[in-house]
Each structure stands twice: as structure tokens, then as C-alpha cells.
Amino acid sequence: MGECGDGRAAVDLAAQVNPDMVVMDVRMPVLDGIEATRLLAGSGVAHPVKVLVVTTFNLDEYVYEALRAGASGFLLKDAPPAQLLHGIRTVATGAALLAPEVTRQLVGRYAARIRPTGGTPGDTALTPRELEVLRLIANGLSNREIATTLVISQETVKTYVSRILAKLNLRDRVQAVVHAYRSGLVT
């Protein structure tokens, strides 16, 4: 466990103590939280750390850049303590989390920005049911909501989510959402 006052110190300390997760602010001296997140959890990092970004700034660009940098979650500092604890626990278990007020805003504003890469939904190795679950994930539904929508148990949803992440070589639900938009599965 550790605490740092700037992004460079956070990256250096993480290299020494090898934490399971890091809670990161966006605006930090020396090295900002987005770049520090990229160094801890970005693509190409041999042993990525789970990062939960917690900040006072609900700016679209911060959310988008934090997720692109590899963050598994994004919460606002004005969230109630119970929500912050839930966020930490959620990200620590390997799941992804976005503040409810950020989710729809993010998907709505950046869908066009992250969608096209030339891939098609048909080129995935997912079953039709897995594709359906992925679409619901990309639309911001929780496991409980997906279970209700598809009339299946939450355990079955968890199994589908695990299979989707494994088949697509994704780390968490946030990456699944980005994949769904990039592949054109969701528009």
C-alpha cells in the first residue's frame, strides 16, 4: 500500500510494490494521471495494473483518455463513500466501472469516435448469444439488467461475460464496450 503526490512517483512506487490496483487522480504534478495510467495499464504493459480513476473533473476528454490509457474504472470524487468503496472493490476484482452519470454521456458522445476500424461483427468468434450479451454490455446494462432482459440467471450472464472477454482477449467490460463500437456491433 502506498500514497503519492504526483504521477511519476505513483508509477515508480507501483514498480516497487507491484499493487493489485491503483486509485489515480487525473490532474497531478510532474506526470498527469492519464499518462501515469498509460504507463501502469496501457497496451504493451507486460503486467498491467488495474486502475480506478477518481477525479473531480467530469470532462468528456478525461473519461475517454483515461479509458484509452487502460483505466478499468472512472468515478467522480463527489460520489458517496459507499459508491467509492464499491468502485474500488469492483475494479480490484477485475471488473470495470463507470460512474453512472458518465456512462451514457461517454457512449453517446464518443461512439462515432471509437467505432470504425474496418472490422465487422461477423469476424468475431462469438456465438449469437454472446454477441447479444456483448451488445447489452455496450449499451451500459449491468449483469442484473442483462439477466432480466434475456430471462437468464446472473450466474449465466457472468459466464457469458467471462467467455466474451476470453475469446476477444479483453481485460474488462470497458474494453468490451470499446470493441463493440470499433467492430460496428453497436452504433
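The values are calculated or read from the model by the stated rules, or taken from the named source; none is laboratory data. Computed from a prediction, not measured in an experiment: that's the story for all the values here. Glycine also receives a Cβ, built like all others from the backbone with ideal geometry; neighbour counts cover every protein chain displayed.
Some points to look at:
- Pairs meeting the criteria (first residue in the stretch 57-74 and modelled with pLDDT of 75 or more, second residue basic (Lys, Arg) and part of a helix (DSSP H, G or I), beta carbons under 6 Å, at least 6 apart or on different chains) are Ala69/Arg38.
- Flag if Val161 is of a type outside the set (Lys, Arg), surrounded by 16 or more Cβ atoms within 10 Å (Cβ to Cβ) and free of Cβ contacts under 8 Å to residues at least 60 places away in the same chain: yes
- Residues of the stretch 37-56 that are in contact (Cβ under 8 Å) with a residue 24 or more places away in the chain and under 22 Å from Asp78 (Cβ atoms): Thr37, Val51, Leu52, Val53, Val54, Thr55.
- Of all residues making up the stretch 12-36, the number that are part of a loop (DSSP other than H, G, I, E, B) and touching a Lys or Arg at 6+ places or on another chain (Cβ under 7 Å): 3
- Count of residues meeting criterion [at pLDDT 90 or above, more than 19 Å from Arg182 (Cβ to Cβ) and within 15 Å of the chain's Cα centre (by Cα)] in the stretch 134-149: 0
- Residue selected from the stretch 77-92 under the condition hydrophobic (A, V, I, L, M, F, W, C) and part of a helix (DSSP H, G or I), by the criterion surrounded by the fewest Cβ atoms within 10 Å (Cβ to Cβ): Ala82
- Residue in the stretch 25-45 that is crowded, with 17+ Cβ neighbours inside 10 Å, closer than 24 Å to Leu170 by Cβ, of a type in the set (D, E, K, R) and touching a helix residue (DSSP H, G or I) at 6+ places or on another chain (Cβ under 6 Å) present: yes
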